[in-house]
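To start, the structure itself, in structure tokens.
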Amino acid sequence: MEHRVFVFDTTLADGERSPGCSMTLEEKLRMARQLERLRVDAIEAGTPMASPGDFEAVRLIAKNIETCTVVARSRCSKADVDRAWESIQSAKRPRIHLVTTTSLSSLPAKPAASHNQMVEEAVWAVTYAKSFCNDVQFTCEDATRSDPDVLRQVVDSVVNAGATVVSLPDTLGYATPEEYGAMFNTVRQRVRDFEGVVLSAHCHNDLGLAVANSLAALQNGARQVECTVNGVGERAGIASLEELVMLLQARKEHLFFTTNVNAEEIYKSSRLLSSLTGMLVQRNKPIVGTNAFSQHPVTDHTGTSQHGLAYALITPQAIGIKHSTLVLGKHSDRNALKRRYSELGYDVSPDELERIFYLFRQVVEHKKEIVDEDLVAILEDRDEDSDDVYHLENIQVHSGTTLLPTATVELRKGDQRFVDSATGDGPVDAAYKAIERVTGLAGQLTEYLIKSVSLGRDAFGEVFVTVDFNGVLYNGRGVSTDVVAGSAKAYLEALNRALASQKRRGQERKGQSVPAPT
């Protein structure tokens with residue numbers, strides 16, 4: 001008998017707690033729409049009470065997502081629940097997610113009084129949330145370190161109050177699979193009525209056991225798993241969506257679990273998150289790492305050479321990697337470009353095709369052949385068309401072993417154009433200083449990473465930077481066949497985000513509404 005497993009994605013909530021994983025409103029909406037194409041069951045969009053920006057992101061996602069449950073996280077207080085409901089009330093499938101700790105180590109000095117008060121607050125919060133929304137999830141934070149009797153009492157009480165989902169997290173990544181599975185089995189046996197209630201697993205990966213613990217929970221009665229794309233999250237992250245989904249699919253005949261996830265969207269989801277945040281996937285990461293399907297031929301016991309994929313459980317095509325030997329060049333037209341994107345699984349609109357074709361024609365002047373990896377990089381190279389941001393129009397650098405590195409940049413903002421030059425410790429540093437002279441905003445580079453998108457001397461370089469502007473970190477990404485140009489584009493993207501954030505905070509202080517993308 002097969003058991004349906006619900007996939008609860010918290011990339012936009014828990015995932016954002018990972019340093020460097022913050023996203024803009026537009027980027028969060030792009031990620032949410034990709035998660036919808038991935039067909040996760042629930043998207044936890046954020047904590048509306050945390051900040052006006054978080055509230056606006058949750059509201060925007062709730063308004064635009066059609067097929068997934070949209071979840072707003074809340075503490076067990078009236079103000080938090082009110083704010084959560086305000087943010088998701090337009091969702092087709094809204095859910096309020098209440099969170100409180102049940103661990104002895106997190107409670108005040110008098111346990112008995114604290115336990116009773118905690119239970120009363122939990123019951124009140126569930127009852128109040130149910131007055132707005134029929135679907136209410138309750139999380140017993142740090143459940144694995146909670147007293148079993150206290151945990152049972154809390155779960156029993158919130159279930160009777162009307163909670164539809166109950167989550168028992170391993171918040172510190174502390175438990176072993178045997179311990180975590182036993183906790184679910186014990187709670188399920190001791191709580192009086194679980195009819196219609198879904199138990200949920202939420203596992204942190206501090207000891208590398210997040211996926212194993214999630215599976216142990218499923219084998220002991222859980223029917224929802226909470227996870228993130230690429231396993232991002234606080235500290236070492238939480239259970240990886242792609243690993244869990246493909247584990248259940250690859251071992252379906254043994255485990256008898258199914259999900260609604262469209263596995264062919266996994267690779268695109270992973271790539272998009274990396275592109276938006278600069279959090280690159282390690283090469284040997286299961287499922288989505290570069291080496292996941294790279295295997296040398298092996299020799300069996302008979303001395304016969306066998307191809308490595310004969311030993312693979314999962315094919316690249318299963319997660320949406322659709323590489324081909326087709327290459328495009330300077331004679332390729334719009335139709336050929338659109339056809340190849342369609343074969344790769346991307347639905348490109350006419351306006352998007354014009355933008356991509358313009359970039360394609362620029363690139364093909366420097367790079368004779370364009371392969372699939374290049375096409376994806378071009379698609380993801382989005383330069384926001386707005387009069388409020390700076391665009392890189394041109395850059396020239398002079399550098400050498402006996403020359404002082406000098407860069408001249410031309411930037412455009414609306415109808416205005418700015419040109420300035422600067423010297424630096426190297427061509428990239430000189431370019432950044434020239435940009436700072438034009439914009440008047442100086443930042444401190446904290447991370448700089450460059451990788452080759454494809455093979456060959458004329459390959460695309462993909463640059464990721466993290467820049468500190470006034471104590472706040474912003475990410476940027478740039479793609480170019482020229483390393484210095486790509487570096488300048490990445491820095492400029494981070495700078496534009498800093499300027500947008502400053503403008504938004506100014507509007508919030510003045511009590512003005514913050515415009516959001518539609």
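The values are calculated or read from the model by the stated rules, or taken from the named source; none is laboratory data. Predicted model, so just to flag it, every value in this text is computed and none were measured. Counting neighbours? That spans all protein chains shown, and the Cβs are built from the backbone with ideal geometry, glycine included.
Worth a mention:
- Set Val166, Val71: member being under 20 Å from Ala222 (Cβ atoms), free of Cβ contacts under 8 Å to residues at least 40 places away in the same chain and crowded, with 23+ Cβ neighbours inside 10 Å: Val166
- Answer residue from region 242-284, given it is closer than 24 Å to Tyr474 by Cα and in contact with a helix residue (DSSP H, G or I) (Cβ under 6 Å, 6 or more places away or on another chain) and is surrounded by the fewest Cβ atoms within 10 Å (Cβ to Cβ) among those: Leu280
- Taking the listed residues Ala217, Ala201, the one that is farther than 30 Å from Thr277 by Cα, buried (at least 21 other Cβ atoms within 10 Å of the Cβ) and assigned by TED's automatic domain parsing to the domain that holds Val71 is Ala217, with no other qualifying.
- Residue within region 349-358 that is at pLDDT 70 or above, part of a loop (DSSP other than H, G, I, E, B) and under 30 Å from Asn496 (Cβ atoms) present: yes
- Flag for Ala318 being part of a helix (DSSP H, G or I), surrounded by 11 or more Cβ atoms within 10 Å (Cβ to Cβ) and at pLDDT 85 or above: yes
- Residue within region 177-195 that is outside any helix (DSSP H, G or I) and at pLDDT 95 or above present: no
- The residue that is nearest to the chain's Cα centre (by Cα), among those in region 1-49 that are assigned to a loop (DSSP other than H, G, I, E, B) and free of Cβ contacts under 8 Å to residues at least 60 places away in the same chain, is Leu12.
- Strands (runs of 3 or more DSSP E) contained entirely in region 403-503, each with at least 3 residues that are of a type in the set (Gly, Ala, Ser): 472-480
- Some residue of region 58-77 being among the hydroxyl-bearing types (Ser, Thr, Tyr) and either in a helix (DSSP H, G or I) or touching a Ser or Thr at 6+ places or on another chain (Cβ under 9 Å) (or both): yes
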